[in-house]
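Asks: Dropping a structure here in structure tokens format, bear with me for questions.
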Amino acid sequence: MTKSRIRAAKPDTQPHFDYFYDKPGSLPGTLNIGVDAQPPVIVLIDYNEADATRQTLATPEECLPYLDTESVSWVDVQGLGSEDILQRLGQVFNLHPLVLEDIVNVPQRPKVEDDYEDHLVMIARMVIPKESGGFHSEQVSFILGKHYLLTVQEEPEHDCFEQVRQRIRYNKGSVRKLGADYLAYTLIDSIIDGFFPVLEAYGEQMEDLEDEVITKPTRQTLNKIYRVRRELLNLRRAIWPQRDAIAMLIRDDNDSLISDRVQVYLRDCYDHAVQILDMVETYRELTSGLMDVYLSAVSNKMNEIMKLLTVVSSIFIPLTFIAGVYGMNFNTEKSPWNMPELNWYWGYPLCLAAMAATAAGLIYFFWRRGWFENFSDVQDRTSRKRG
């Protein structure tokens with residue numbers, strides 16, 4: 001096995017660095033199928049402005065009659081669990097071994113490769129919100145030809161393309177009036193729009209965390225903040241290169257496969273990607289601020305506890321001192337050095353006077369140091385002077 005990935009210790013958390021990499025010395029173009037990968041299902045949707053058909057294909061070779069027709073053929077491969085089918089799929093669509101490796105060996109960094117004559121390659125990340133919080137993330141690969149579009153999904157159960165399928169089926173919008181490049185734009189736009197529900201859920205979590213940090217911060221609160229910050233980092237790693245990939249699609253070098261009309265739509269898709277990236281960065285800054293507020297709240301709570309303990313200690317220190325002095329009852333008849341003050345006529349008043357003088361001296365010292373001055377009063381006087 002040449003499959004290597006950096007994985008987190010906990011299976012329920014998404015790692016910061018989860019890109020695929022080959023072991024040193026492995027053969028280029030080697031396909032590594034995950035043990036939990038589902039068998040691929042090939043779904044073909046062939047349509048033009050007048051008609052649309054949908055069917056499930058048994059073999060990749062059944063796609064061949066649809067690749068050179070004037071209609072648009074969308075071949076959607078759902079699952080990566082068969083190396084034989086994927087290799088045959090690469091032969092049918094004339095895919096370079098390294099392109100097939102990028103499609104199969106997930107996850108890859110989102111990118112666009114336009115160095116091939118008859119097709120264009122794009123790797124994207126699709127996110128779907130979870131009901132329990134967080135999000136699913138999977139890789140979607142696009143192979144765009146003149147009259148066809150091949151998509152390969154990592155996990156078919158997490159899909160945001162259903163509305164596009166319905167638009168093709170019921171001939172809504174312009175999807176059946178335009179070519180395969182518009183279909184590719186529509187699917188990419190669905191992927192980009194899929195980030196917004198995820199970010200909306202994180203926005204609600206941020207509001208709840210703000211209330212929790214201010215009213216009742218606990219250790220679990222810090223864990224929640226860290227988890228949200230970690231997941232936002234994963235979102236940033238998904239949308240940042242995807243924005244750059246969309247920018248590459250807008251370049252003039254792709255005129256043979258992407259028309260000027262579709263490039264206008266892609267510019268709007270690029271604007272959405274930039275907006276999502278701004279939202280992710282804003283939320284990440286808010287999580288940093290929440291961490292600072294949490295630490296301040298915990299520090300203030302600790303200060304209140306120390307203040308209470310200090311007051312209690314200050315009350316009992318003189319009592320302890322008095323009890324300690326009067327508890328040292330040495331017999332003066334045995335030795336003149338055994339506390340002769342116990343036999344003084346004015347010993348008790350002098351002892352109280354010494355205690356009062358000590359307390360007064362400490363109060364004067366604390367007053368000279370400014371420890372009795374209220375900081376809020378200082379701020380009020382400062383503001384009055386400035387006014």
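The values are calculated or read from the model by the stated rules, or taken from the named source; none is laboratory data. Treat the numbers as computed from the prediction; the structure is a model and nothing was measured. Cβ placement follows ideal geometry from the backbone for every residue including glycine, while neighbour counts extend to all protein chains displayed.
Asks: Return a yes/no flag: does the stretch 155-169 have any residue that is touching a Pro at 6+ places or on another chain (Cβ under 7 Å), in the same structural domain as Leu100 (by TED's automatic domain parsing), buried (at least 18 other Cβ atoms within 10 Å of the Cβ) and not hydrophobic (A, V, I, L, M, F, W, C).
Replies: Restricting attention to the stretch 155-169, the residues satisfying the condition of being touching a Pro at 6+ places or on another chain (Cβ under 7 Å) are none.
Looking for residues that are touching a Pro at 6+ places or on another chain (Cβ under 7 Å), in the same structural domain as Leu100 (by TED's automatic domain parsing), buried (at least 18 other Cβ atoms within 10 Å of the Cβ) and not hydrophobic (A, V, I, L, M, F, W, C), one finds none in the stretch 155-169, hence no.
Asks: A further question on this structure: Exactly one of (1) at pLDDT 90 or above; (2) among the aromatic types (Phe, Trp, Tyr); (3) in a loop (DSSP other than H, G, I, E, B) is unmet by Tyr116. Its number?
Replies: Failed condition: (1).
Asks: State whether the residues of the stretch 289-304 include one that is without any contact (Cβ under 8 Å) to a residue 24 or more places away in the chain, farther than 30 Å from Thr218 by Cβ and part of a helix (DSSP H, G or I).
Replies: No: the stretch 289-304 contains no residue that is without any contact (Cβ under 8 Å) to a residue 24 or more places away in the chain, farther than 30 Å from Thr218 by Cβ and part of a helix (DSSP H, G or I).
Let's see how each residue does on (1) of a type in the set (A, V, I, L, M); (2) at pLDDT 90 or above:
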residue: Asp211; (1), (2): no, no
residue: Thr218; (1), (2): no, no
residue: Asp253; (1), (2): no, no
residue: Asp260; (1), (2): no, no
residue: His272; (1), (2): no, yes
residue: Ile276; (1), (2): yes, yes
residue: Thr287; (1), (2): no, yes
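Asks: Within the stretch 197-219, is even one residue loosely packed, with under 13 Cβ neighbours inside 10 Å, among the polar types (S, T, N, Q) and assigned by TED's automatic domain parsing to the domain that holds Thr282?
Replies: Yes: the stretch 197-219 contains one or more residues that are loosely packed, with under 13 Cβ neighbours inside 10 Å, among the polar types (S, T, N, Q) and assigned by TED's automatic domain parsing to the domain that holds Thr282.
Asks: Follow-up. Working only within the stretch 330-368, note down all residues that are exposed (fewer than 12 other Cβ atoms within 10 Å of the Cβ), part of a helix (DSSP H, G or I) and among the small types (Gly, Ala, Ser).
Replies: Ala353, Ala354, Ala356, Ala357, Ala359, Ala360, Gly361
Asks: Please verify whether Gln242 is touching a Gly at 6+ places or on another chain (Cβ under 8 Å), polar (S, T, N, Q) and modelled with pLDDT of 90 or more, treating the condition exactly as stated.
Replies: On the way: touching a Gly at 6+ places or on another chain (Cβ under 8 Å): no; polar (S, T, N, Q): yes; modelled with pLDDT of 90 or more: yes.
Criteria not met by Gln242.
Asks: List the residue pairs whose Cβ atoms are under 8 Å apart, where the first residue sits in the stretch 162-180 and is on the phi < 0 side of the Ramachandran plot, the second is among the β-branched types (Val, Ile, Thr) and assigned to a loop (DSSP other than H, G, I, E, B), and the two are 6 or more positions apart or on different chains.
Replies: Within 8 Å, the pairs are Val164/Val175; Arg167/Val175; Ile168/Val175.
Asks: Let me ask another. All but one of (1) under 30 Å from Ser259 (Cβ atoms); (2) touching a Phe, Trp or Tyr at 6+ places or on another chain (Cβ under 7 Å) hold for Asn105; state the number of the condition that does not hold.
Replies: Unmet condition: (1).
Asks: Now for a different question. Restricting attention to the stretch 78-91, report how many residues are closer than 15 Å to Ser141 by Cα and either in contact with a Phe, Trp or Tyr (Cβ under 7 Å, 6 or more places away or on another chain) or in a loop (DSSP other than H, G, I, E, B) (or both).
Replies: Residues flagged as closer than 15 Å to Ser141 by Cα and either in contact with a Phe, Trp or Tyr (Cβ under 7 Å, 6 or more places away or on another chain) or in a loop (DSSP other than H, G, I, E, B) (or both) within the stretch 78-91 amount to 2.
Yes/no per residue for (1) among the hydroxyl-bearing types (Ser, Thr, Tyr); (2) touching a residue at least 60 places away in the same chain (Cβ under 8 Å):
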{"site": "Gln38", "(1), (2)": "no, yes"}
{"site": "Ile42", "(1), (2)": "no, no"}
{"site": "Tyr47", "(1), (2)": "yes, yes"}
{"site": "Ala50", "(1), (2)": "no, no"}
{"site": "Pro60", "(1), (2)": "no, no"}
{"site": "Pro65", "(1), (2)": "no, no"}
{"site": "Thr69", "(1), (2)": "yes, yes"}
{"site": "Trp74", "(1), (2)": "no, yes"}
{"site": "Arg88", "(1), (2)": "no, no"}
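Asks: Considering only residues that are out of contact with any strand residue (DSSP E or B) (no Cβ under 6 Å at 6 or more places or on another chain) and either of a type in the set (S, T, N, Q) or touching a residue at least 12 places away in the same chain (Cβ under 8 Å) (or both), which ones fall in the stretch 196-211? Before you say what the answer is, go through the steps one by one.
Replies: Applying the first criterion (out of contact with any strand residue (DSSP E or B) (no Cβ under 6 Å at 6 or more places or on another chain)) to the stretch 196-211 yields 196, 199-200, 202-211.
Listed by number, the residues that qualify are Phe196, Leu199, Tyr202, Gly203, Gln205, Met206, Leu209, Glu210.
Asks: While we're looking at this one, here's another question. Would you confirm whether any residue within the stretch 92-108 is assigned by TED's automatic domain parsing to the domain that holds Met206, closer than 20 Å to Arg236 by Cβ and in a strand (DSSP E or B)?
Replies: As a first pass, look at the stretch 92-108 and keep what is assigned by TED's automatic domain parsing to the domain that holds Met206: 92-108.
If we keep only those that are closer than 20 Å to Arg236 by Cβ too, we end up with 106-108.
Restricting the remaining residues to those that are in a strand (DSSP E or B) gives none.
Scanning the stretch 92-108, I find no residue that is assigned by TED's automatic domain parsing to the domain that holds Met206, closer than 20 Å to Arg236 by Cβ and in a strand (DSSP E or B), so the answer is no.
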